[in-house]
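**Student:** Once you've had a glance at the structure underneath, I'll fire off some questions.
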Amino acid sequence: MLSAMLYLIPFLAGIAMSLRLGPVLIFMVYQLDYFLNPQNKWWGSLLPFVGAQFYLVLTMILVFMLRFGKYGPTPVFSHPQFRYMLLTILMFALAYFNAPFSEYHLTSTDAFVTVAVVVFLVVKFCIEKKHIYWIVNAYLFSAFLLGFYIYGWGRNSSGRVEGVGMVDATDSNLVSAALVPTIVLFIANVIAEKRWIMRGIYGIGLLVTLNALILINSRGAFLGVAGGVAYFMFISFKNDAFTVKEKRAIFFGLFLLAGAFLRLADTTFIERMMTMTSETTEASQEQETGSTRVYFWLASFEMAKDHPFGAGAGGFVYHAPFYLPQELNTGSTRNRAVHSTWFEVLSEAGFLGLLFFSLMIYHTHKALKHVRVKLWQAGDFVNSALVLAISSGFVSFVISATFINRLRAEVLYWLIALSICCVNVFIKQLTTNKSEVSQNHNRNS
């Protein structure tokens, strides 16, 4: 009952508040529904409705059409990451003609197009600085609730967490990838927040989400967290973003975080993380492991030579037995996933799809870096830190997705949408401020 109420109260409150504060709150409710996925939970039967994703997207479309004059002018297609996203989807859709699982491919294409529509609407609705903060906080709140649910659910007999999947992520590794960016976002908020109550709230969220990742036990997620936090700290200290006093506080905070991590990390987690270095690469003596995935990646490249325009959704799974080495022991079946988003794109959308996808990732990171530097140069250190945190979360996700299939992960495209929102809002704000200063200077002259 508690889980149902934790979902239902913010869901209804968000819908009601959207009437006053704007349709961006509908997307925040969409984030909540995506993470908790009530139709896949035992407490979903206690709710008066399930499957709200379709209706939330439909509502956002209707609001946009009815208030086109207000939201229409916000630029979307001028951003290269959005254009390359559409080209990636196009190449994926065209792979239908080679797809062995045609119905599954059509379903996946429909979901992919829906993600593009959501990104478009989010950018249109996100027209103020506070909207960016709302979206980030809704992401963190949703991740916290899922982390809380995972804590109550616990591991299975295999030492993993199963059965807590989101709308597009039934596997525990996929869930962990969606949670990974929140770690650095929580850390950034704990550092930047001046109010001790809010700092404590973010700290609790950090611990609950970190504990969920430990319970899930994903090696790729661990690498993603390490990479994202390292990137955030490197850029921060490189640019002297903090005073000596703040640096001491950060080091002390990181020391406490490391202590909390060691306290939460149990033997099962530590043993699994140690396999990243201890696993043998002798594929003939192993079943599918982190070390044998390189054979899957090489097989996807060989497959792409025969299917240069991709084999559609699940194409590698279908063709894997023909391209994996015969001596490779993959367990009970040779129809395996490729376990890397980059090679997933290659196998499902072909060489052009991989090119467009890579350019989308590059321009997203470039856009966030551009906004961060401009804000820093303007002396807006608070918003610059926010953009750095989003950028670091993006780095975390990309690292994690390198070891699992996440081409159509919604969280990836939320972060891309945020990169566009940051450009639209913060660069416009800086341009407006410069214009006002110039006008005042001309009047004084």
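**Student:** Among the residues of the stretch 120-127, are any within 17 Å of S396 (Cα to Cα), of a type in the set (V, I, T) and surrounded by 23 or more Cβ atoms within 10 Å (Cβ to Cβ)? Walk me through how you get there before you give the answer.
**Tutor:** Step one: filter the stretch 120-127 for residues within 17 Å of S396 (Cα to Cα), giving none.
There is no residue in the stretch 120-127 that is within 17 Å of S396 (Cα to Cα), of a type in the set (V, I, T) and surrounded by 23 or more Cβ atoms within 10 Å (Cβ to Cβ).
Matching residues to (1) in a helix (DSSP H, G or I); (2) open to solvent by less than 10 Å² (accessible area, probe 1.4 Å); (3) within 30 Å of I427 (Cα to Cα):
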position: E302; (1), (2), (3): yes, no, no
position: N335; (1), (2), (3): no, no, no
position: M360; (1), (2), (3): yes, yes, yes
position: L368; (1), (2), (3): yes, yes, yes
position: V373; (1), (2), (3): yes, no, yes
position: F403; (1), (2), (3): no, no, no
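**Student:** Select from the stretch 41-56 the residues that are open to solvent by less than 20 Å² (accessible area, probe 1.4 Å) and either under 25 Å from the mean Cα position of the chain (by Cα) or of a type in the set (V, I, T) (or both) and list them in ascending order.
**Tutor:** If the condition is that a residue be open to solvent by less than 20 Å² (accessible area, probe 1.4 Å) and either under 25 Å from the mean Cα position of the chain (by Cα) or of a type in the set (V, I, T) (or both), then K41, G44, A52, L56 are the ones that fit.
**Student:** Out of G228, G205, G165, report the one residue that is touching a Ser or Thr at 6+ places or on another chain (Cβ under 7 Å) and open to solvent by less than 20 Å² (accessible area, probe 1.4 Å).
**Tutor:** Working: G205 fails: touching a Ser or Thr at 6+ places or on another chain (Cβ under 7 Å); G165 fails: touching a Ser or Thr at 6+ places or on another chain (Cβ under 7 Å).
The match here is G228.
**Student:** What residue, among those in the stretch 311-333 that are farther than 27 Å from A221 by Cα and part of a loop (DSSP other than H, G, I, E, B), is most open to solvent (accessible area, probe 1.4 Å)? Full working, then the answer.
**Tutor:** Restricting attention to the stretch 311-333, the residues satisfying the condition of being farther than 27 Å from A221 by Cα are 311, 319, 321-323, 325-327.
Cutting the leftovers down to part of a loop (DSSP other than H, G, I, E, B) gives us 311, 325-327.
Working: A311: 0, P325: 39, Q326: 139, E327: 123 Å².
Among those residues, the one meeting the criterion is Q326.
**Student:** Out of the residues in the stretch 375-390 meeting the condition of being without any contact (Cβ under 8 Å) to a residue 60 or more places away in the chain and open to solvent by less than 10 Å² (accessible area, probe 1.4 Å), tell me which one is nearest to the chain's Cα centre (by Cα). First the steps, then the outcome.
**Tutor:** Of all residues in the stretch 375-390, those without any contact (Cβ under 8 Å) to a residue 60 or more places away in the chain come to 375, 377-380, 387.
Among the residues that remain, those that are also open to solvent by less than 10 Å² (accessible area, probe 1.4 Å) are: 375, 387.
Working: L375: 24, V387: 15 Å.
Here the residue is V387.
**Student:** Moving to a separate point now. If you go through the stretch 318-353, how many residues are in contact (Cβ under 8 Å) with a residue 24 or more places away in the chain and farther than 17 Å from L87 by Cβ?
**Tutor:** As a first pass, look at the stretch 318-353 and keep what is in contact (Cβ under 8 Å) with a residue 24 or more places away in the chain: 318-320, 323-325, 327-331, 336-353.
Next, only the ones that are farther than 17 Å from L87 by Cβ stay: 318-320, 323-325, 327-331, 336-340, 343, 347.
So the count comes out to 18.
**Student:** OK, next. Sort through G44, G51, G72 and tell me the only one that's in contact with a Pro (Cβ under 8 Å, 6 or more places away or on another chain), modelled with pLDDT under 95 and of a type in the set (G, A, S). I'd like the intermediate steps shown before the answer.
**Tutor:** On the way: G51 fails: in contact with a Pro (Cβ under 8 Å, 6 or more places away or on another chain); G72 fails: in contact with a Pro (Cβ under 8 Å, 6 or more places away or on another chain).
Step by step, each of G44, G51, G72 is checked, and only G44 is in contact with a Pro (Cβ under 8 Å, 6 or more places away or on another chain), modelled with pLDDT under 95 and of a type in the set (G, A, S).
**Student:** Looking only at the stretch 77-87, decide whether some residue is open to solvent by 70 Å² or more (accessible area, probe 1.4 Å), touching a residue at least 24 places away in the same chain (Cβ under 8 Å) and out of contact with any Gly (no Cβ under 7 Å at 6 or more places or on another chain).
**Tutor:** Checking the stretch 77-87: not a single residue is open to solvent by 70 Å² or more (accessible area, probe 1.4 Å), touching a residue at least 24 places away in the same chain (Cβ under 8 Å) and out of contact with any Gly (no Cβ under 7 Å at 6 or more places or on another chain).
**Student:** Does the stretch 385-407 contain at least one residue that is under 27 Å from D33 (Cα atoms) and among the basic types (K, R)?
**Tutor:** Our first condition is that a residue be under 27 Å from D33 (Cα atoms); within the stretch 385-407, this holds for 386-407.
Add one more test, that the residue is among the basic types (K, R), and what stays is 406.
The answer is yes; a qualifying residue exists.
**Student:** Right, another one. F120 - would you say it is in contact (Cβ under 8 Å) with a residue 40 or more places away in the chain and over 30 Å from A212 (Cα atoms)?
**Tutor:** The answer is yes for F120.
**Student:** Which residue, of T114, T59, T74, T107, is farther than 30 Å from Y202 by Cα, of a type outside the set (F, W, Y), surrounded by fewer than 20 Cβ atoms within 10 Å (Cβ to Cβ) and in contact with a Lys or Arg (Cβ under 6 Å, 6 or more places away or on another chain)? I'd like the intermediate steps shown before the answer.
**Tutor:** Numbers: T114 fails: in contact with a Lys or Arg (Cβ under 6 Å, 6 or more places away or on another chain); T59 fails: in contact with a Lys or Arg (Cβ under 6 Å, 6 or more places away or on another chain); T107 fails: in contact with a Lys or Arg (Cβ under 6 Å, 6 or more places away or on another chain).
Testing whether each residue is farther than 30 Å from Y202 by Cα, of a type outside the set (F, W, Y), surrounded by fewer than 20 Cβ atoms within 10 Å (Cβ to Cβ) and in contact with a Lys or Arg (Cβ under 6 Å, 6 or more places away or on another chain) leaves just T74.
The values are calculated or read from the model by the stated rules, or taken from the named source; none is laboratory data. Owing to the predicted nature of the structure, the values given are computational and were not obtained by experimental measurement. Here the Cβ is made from the backbone with ideal geometry for all residues, glycine too, and neighbour counts use every protein chain on show. Ligands, DNA and RNA are excluded from the accessible area calculation, which covers all protein heavy atoms including side chains. Shrake-Rupley method; radii C 1.70, N 1.55, O 1.52, S 1.80 Å.
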